[in-house]
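Reviewing the structure listed below.
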Amino acid sequence: MALSELYTKYNRVWIPDAEHVWKSAEILKDYTSGSNYLEVQLEDGTELKYALDTANGQLPPLRNPDILVGENDLTALSYLHEPAVLHNLKVRFVESRIIYTYCGIILVAINPYKQLPLYGDAIIHAYSGQNMGDMDPHIFAVAEEAYKQMARKNKNQSIIVSGESGAGKTVSARYTMRYFATVSKSGSKAHVEDKVLASNPITEAIGNAKTTRNDNSSRFGKYTEISFDKSYQIIGANMRTYLLEKSRVVFQSENERNYHIFYQLCSSVDDPEFKNLRLLTADKFVYTSMGGRTDIDSVDDKADMMETRRTFSLLGRSRSPAAIMSLSGKSASSFSDYHLGVFCELLDVSAEDVSRWLCQRRIVLVAETVVKPVPQKRAINARDALAKHIYAHLFDYIIHKINTVLQFPGKQHTFIGVLDIYGFETFEVNSFEQFCINYANEKLQQQFNLHVFKLEQEEYMKEDIPWTLIDFYDNQPVIDLIEAKMGILDLLDEECLFPQGTDQNWLQKLYNNYLDKNALFEKPRMSNQAFLIQHFADKVEYQCKGFLEKNRDILPEELVEIMRVSKFHLLSDFFQEEELGLTLNRGIKVRPARPSVKPANKQLRTTVGNKFRSSLYLLMETLNATTPHYVRCIKPNDEKLPFEYDSKRVVQQLRACGVLETIHISAQSYPSRWTYIEFYSRYSILMSQAELGLNDKKQTCKTVLQRLIQDSNQYKFGRTKIFFRAGQVAYLEKLRSDRLRGACITIQKHVRGWSQHRKFLQMRAAAIIIQQTVTAENLKRAWAAVVIQRYVRGHLVRQVYQLVKVATVTIQSHTRGWLARKRFRQVETAVVLQKYARAWLARRRFQNIRRLVLNVQLSYRVQQLKKKLEEQSRENHGLLERLTAMSNARVQDMDKLQKLEAELSKLANEKISLEQQQKMNKEKKKVFACNANIFICVRIVENNIAIQKKDHEKEIEALNVESRKLREENVSFQKQIEEQGEVTQDLQEQVLKLTKHVKVRTKGCWLHHLTITFFFLLEKITEVTKQLLGDINDTEILLASDDIQQISEDGDLLFAYEGLKKATRSVLAIETHYQTQRENFEREVQSLKFQIEHIQNENSQLQKLFQEENDVNDAIRQEVARLTTENMLIPQFKQQVSELQRQKHELEVQIAEQACEFEEQLDVKDRLIKKLENQIKSLLASEIASQTPAPAIPKEYLGMLEYRKEDESQLIQNIILGLKPRGVVVNMIPGLIAHILFMCIRHADYINDEGKIKSLMRAIIDSIKKVVKTHQEDFDMLSFWLSNTYQMLNCLKQYSGEEDFMKYNTPRQNKNCLQNFDLSEYRQIISDVAIHIYHQFVTIMEKALMPLIVPGMLEHESLQGISSMKPTGFRKRSTSIYEDTEACTISSILQQLSHFHSTMMQHGMDIGLIKQAVKQQFFLVGAASLNGILLRKDMCSCRKGMQIRCNISYLEEWLKEKDLQSSSAIDTMEPLSQAAWLLQVNKSTDEDAQQIAKMCTELSPVQIVKILNSYTPIDDFEKRVSPSFVRKVQVRTGSAQLMLDTQYRYQVIFPFVPSPQALELIQVPSSLKLNFLTRI
């Protein structure tokens, strides 16, 4: 099918756009041949007529179907062109948040400007061992591919990382080296991997700087060779650098910085170690402050300095930082006397000489030498040249030292090189550095094009497809323009040879040689100081200013001589090496007849351009000798915003880095390539029944394709793949969509027809029923019934209305009456309220007057009470003094008691020492003497105690007398308080009488009597007030009386209370003071009571102590009497002992005499036994012949096995070391070996032989360890010994004699418990051995299961016909699902699990231990499957979720079949189950987001977001997850862990399970060859 036929209605195309580069549009009308325009509609709804280029016949690029957008490999796209690549990268980066994408052999890495959880050790292990197409694109996948090809083909590899500054080249190169260091860990102690990684911070410190585009830009190229040995472990590394930007040392543009090391040193200015360097802050130096800001946001230079120093120490070079710091002083020095002096002091050179030759120059003529001063500008240039030279030498020196540390003994087997080199650069002002960088990129692009061309040719030859020449861009002309003979570099070197050569002269030579003669060289229109070169990526304008100076890179010879004689050896070595190199390059030196003119500079022969060209040749030779892998880093925007995509910047970099060239080469021939299995699975819907019936799938694909696409030139059949021209896959997708759409329409048609037909049949049946039942008579009856119903309903409604009306009228009448009565009661209530209100006012006035009178009375009585309280307080002070004296006396008594107790303890100690002396003395006289001394001491002690007791009793009596006196005084105080209370009651009674007297008065004469009473009381109040308030002067009293007189004249008695406020305030104060004193007094009395009680308690304690002393004395007396009687019996005991010894000696003599007789008797008995055995055999033979068995005599065994000490090694050999789990009867009884060993242990315990039991336990443990170590990969052996070790542990617990374990035993088993030894320590050791066996056992199972999990759980189609494969592009998957060989399925996993289970059951393993092992394996299946989903975008689809849930149900059925539901193994797969559910659920609305947050509790937010971003529709009917929905789900907080740790192990538990097996019934099988064991 022709490509122009695809421009039909509803198809979409890409049209150019100034802002977004390309914009999508939908075709509104089919394109006809010869048309000048194309009617399209943009995504915003704008319709336009897009003009076509009729001259070239080019149509706008077609847009790929949405089903192909977002693929891992750009070569999987049907339409391969620039807008398709740009859009696919945008969809993956912005919507799916995926930064890596394959483009054939290239890995495109877009800098996210954000830390992502993609580089942990778990992800490294996930990619380790995987083929490149099996997982999502990743930098680790490229590193693994390089490592795998090196190991398989024994060929060196290279990883070329390139890109613009700020695109992430350095980080990508660092991650590749980290991957190699992790997957190829060596067991040596050299830690070469750590040293390789440690070189990165050092090179970044001395070679990276901040630019306008990148805060950590590498200003040099670096090629790191990581060397491997024959076992492919890292043994060393070597680093080569290219074109260090030396000019940055002396000049930086605005918003840029110098190299990081200078700022790190300046930030450590306060460090004591750097004081001698005379450092200042960075803004004080010219070289570090040219760019403006000296710091970088979110970068701590001081912390980076500590990291740099740490890595220097790790590499073993502790002196290198000092060298850097020393040289930084000169590099940062400005041209002043102070800084010049510091510079010379640090480098140990002559300040006078340096100053002289910086400001002067020497001209050597034929006859004389002239010294001439130079201009300031030239002096500054000389200073800058010196700084650049020293820094360049320092840089090379550090790289050399790093290589020295990373050197390795021996010979490398292979290596992997990582090239971190600058990408194509173009700035507003491009100089010599950009020219060299772009020259290097031209060479790399040429090598890349040839490699891609070669791979394409190999692919065609491999598939037996005719190879046709492909037209691609060849940049050899540009390279010739630069490096060929008389090229730009040669002309530059030629101009540098002339002392008076200038940049303008060189530029004029370029104009003369290439202008109008080479299409790749141009002259700018508006400038005579620049030239243009058409590079493969873009046209670049170079300014010629500075080319010669930078290419020469000269330094005055006088300054070189000064540096050479420096006493700072590091500096002098730099220039000595330079002289040595020049001398070696000269060859044989011939002395001329007459002196020649000394050249001004010895370095003219080797220019920078020449050196760079030579190093570039060596690099290209290395790369051509290796297998290259390409990583292209892309910078998505210049503002460094996370996940922001600037199409203009991205497409510019894609054109520059060769990605689009790869697409162009692929699109020239057959870009789309599908395997036959992929094609058959995807497009089986387009096949007929006859074609599906063919057994040969390959032939079926050919037949279908020939029928669908008539033009055979649009596709080619290879051996394993089908090759398609551009657009053919999109055409097939269109046919597939049309077929699916037609099938949907057919299904809808039949369903709707069936539904309508069903409704028609229902209506037809209803009509027939109506027709059958309805007649004219029925209609009349129905009408009559309706009329009757109408009248009856009317009558009923009228009745209800009448009832409601009567009820309403009744309610209204009652309501109105109630309201009238309520209004009347309100009027009557007002009168009553007035009456009570007036009465309340009158009562209030009376209460105020009564309160005034009571206050006056109380004030007088308070004064009296105050005097009494003062007297009582004085008495209380006296009592307190007496109590204080008593407490002091009590303290003295307590001291005496403590002294007595000390004497008692001393006597008790003396008694103990006396008892010991009594035991040690064996002679009777000494014993009696000791007893006498004891009696004397006891008597003395008794007398002392009696005397002290009498003294204490006297003191106690005195204390009791004093306490009685205190009680009496307390009683008297209480009486006084009661008397005062009575006085108070009298005052209150008088007040009550006055109030009663006032109430008796009549209402008419109330005012008159009250006035008289008031004046009468006023006089008394005045007198009392004068007595109480002696400090108030008479004037105030007179004023008060005047106020009262005025009150009486006015006739308002209520204001009398106001006139007496001043007097009552002092009365109230006195009353409160009295109350506080009373409360204090009560507290003091209460404290005295407590003290008395405390003294009484102490007295009782003293009495108890005296009683205890008496008891001790009685015990001493009894012990002395007992010892006396025992000492009298000692001679009798001695006689008995001597008699027993004599009898023992006689018995030993008798035993020795009878030993010979016993041996003779044993020989006789042995002969008798052999004779009886022969008779028994003859009897057995006769019984078998007669078939009349005789009853056997039962024997009772003790459950022990006896063996000799010398048979221990044979026992261990036969039952442990030489035992094989298969082919013997050891599996008949679970844990038979453990029971046999324990029965041997029981016998050693029974005979109480400690040495034998220790030797046997050590031999058992060591032998089991040895067997496990020898067979650590043998699953059967590990299962067998895990079961027996666990059974041995249970036996040691069951028969230990501990109550916690014995309660599970039978009475017979309790008789078999150990009696003499405690083996709890050995139980712990055996438990540790069992844990070790279990972990090794689980590891073996994991190794067997791991290769089956992803193919069986994720890739295999458990539900046939649901999944639909999609093309994978250049990176084909290597798993078996695309091959004709047998694939791993869920049945493979179940079979492996069944094998594990049957083996464990066969060896009698406890069911609890089996459940733990199964749970661990289910966790591995769930974790590995979930990790596979997270790292494989093609697994994130709705149909794949259905497959996974189906597989989980199979595993659950297996658990039910094996009766292992209680193991909670299925719970470990909950994260996988939730992930499968997440793939199937709707993902569009807020309710969906809430449901996801509620259901996916076992998934972390990072995992949920990763699955949603990776969700890939299989068909056009599905929709992608929108970024807005992902943001809704992302709100939830939680763990930031992406991958599950497949190495995680659940803690193993060995529960105690008593064995029901009786030891007495166990028999040793003869196959074990343990005839030397004897059942007891």
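Could you sort out which of Lys1266/Lys1293; Lys721/Lys1440; Lys734/Lys1483; Lys550/Lys611 sit more than 20 Å apart by Cα distance in this structure?
Where the Cα-Cα span goes over 20 Å, the pairs concerned are Lys1266/Lys1293; Lys721/Lys1440; Lys734/Lys1483.
At 1.4 Å probe size, with no ligands or nucleic acids counted, give the accessible surface of His260 in Å², nearest ten.
Per-residue accessible area (His260): approximately 20 Å².
Just to verify a number: what accessible area does Val1531 come out at with the full protein assembly present, 1.4 Å probe, Å² rounded to tens?
So the heavy atoms of Val1531 present about 110 Å² to solvent.
For region 1-154, what is the relative contact order in percent, using Cα pairs closer than 8 Å and at least 6 residues apart in sequence? Walk me through the intermediate numbers first.
Details: 194 pairs, mean separation 19.5, N = 154.
So the answer I get is 13 percent.
Note down, for region 598-747, the three equivalent ellipsoid semi-axes (square root of 5 times each alpha carbon gyration tensor eigenvalue), biggest first, whole angstrom.
52, 22, 12
Can you run phi through the Karplus equation (6.51, -1.76, 1.60; θ = phi - 60°) for region 1304-1312 and list ³J(HN,Hα) in whole Hz, with x for Gly and Pro?
Rounded to whole hertz, the list is 8, 8, 7, x, 5, 5, 5, 5, 8.
Averaged over all directions, how much area does the convex hull of the C-alpha atoms of region 737-790 cover when projected, in nm²? Each step should come with its number before you reach the end.
Numbers: hull surface 23.5 nm².
For region 737-790, averaging the hull's shadow over all directions gives 5.9 nm².
Calculate what fraction, in whole %, of the accessible area of region 1432-1559 sits on carbon and sulfur atoms when a 1.4 Å probe is rolled over the protein chains.
Numbers: 3010 of 6070 Å².
Of the solvent-accessible surface of region 1432-1559, carbon and sulfur hold 50 percent.
With the full set of protein chains in place, find how many percent of the accessible area of region 777-826 is carbon and sulfur; take the probe as 1.4 Å.
That fraction is 67 percent.
Any idea of the accessible area per residue across region 754-881, 1.4 Å probe, to the nearest Å²? Walk me through the numbers on the way to the answer.
Details: 10890 Å² over 128 residues.
Per residue, region 754-881 has 85 Å² of solvent-accessible surface.
Step through the table entries Lys443/Lys716; Lys906/Lys954; Lys148/Lys697; Lys698/Lys1519; Lys23/Lys698, compare each Cα-Cα distance with 29 Å, and write down the pairs that go over it. Walk me through the numbers before you get to the answer.
On the way: Lys443/Lys716 34 Å; Lys906/Lys954 25 Å; Lys148/Lys697 32 Å; Lys698/Lys1519 32 Å; Lys23/Lys698 40 Å.
Exceeds cut-off: Lys443/Lys716; Lys148/Lys697; Lys698/Lys1519; Lys23/Lys698.
Averaged per residue, what accessible surface does region 1499-1569 expose to a 1.4 Å probe, in Å²? Can you show the working numbers first?
Working: 3700 Å² over 71 residues.
I get 52 Å² per residue for this part.
Do any of Lys1265/Lys1415; Lys90/Lys302; Lys1254/Lys1343; Lys222/Lys411 go past 32 Å between their Cα atoms, and which? Walk me through the numbers on the way to the answer.
Details: Lys1265/Lys1415 26 Å; Lys90/Lys302 39 Å; Lys1254/Lys1343 38 Å; Lys222/Lys411 23 Å.
Long pairs (Cα-Cα over 32 Å): Lys90/Lys302; Lys1254/Lys1343.
Where the centre of each part is set by its Cα atoms, how far does region 248-310 sit from region 1-43, in angstrom?
57
For region 654-730, give the percent of accessible area contributed by carbon and sulfur heavy atoms, probe 1.4 Å, rounded to a whole number.
That share works out to 45 percent.
If you add up the charges near Ile747, with Lys and Arg at +1 and Asp and Glu at -1, over every other residue whose beta carbon is less than 13 angstrom from its beta carbon, what do you get?
+4
Apply the Karplus curve 6.51 cos²θ - 1.76 cosθ + 1.60, θ = phi - 60°, to the phi angles in region 97-102 and return the couplings in whole Hz, x for Gly and Pro.
Values per residue, Gly and Pro as x: 6, 10, 9, 10, 8, 7 Hz.
Out of residues 5 or more away from Thr1512 or on other chains, whose amide H comes under 5 Å of its own, with H placed 1.01 Å from N in the peptide plane?
Here Cys1436, Ser1437 satisfy the definition.
Sorted by accessible area with a 1.4 angstrom probe, largest first, how do Thr622, Thr1574 fall?
Thr1574, Thr622
In square angstrom, what is the accessible area per residue of region 1398-1491 with a 1.4 angstrom probe?
Result: 34 Å² per residue.
The values are calculated or read from the model by the stated rules, or taken from the named source; none is laboratory data. Every value quoted in this text rests on a predicted model; they were computed, and no experiment measured them. Here the Cβ is made from the backbone with ideal geometry for all residues, glycine too, and neighbour counts use every protein chain on show. Only protein heavy atoms, including side chains, enter the accessible area calculation; ligands, DNA and RNA are left aside. Shrake-Rupley method; radii C 1.70, N 1.55, O 1.52, S 1.80 Å.
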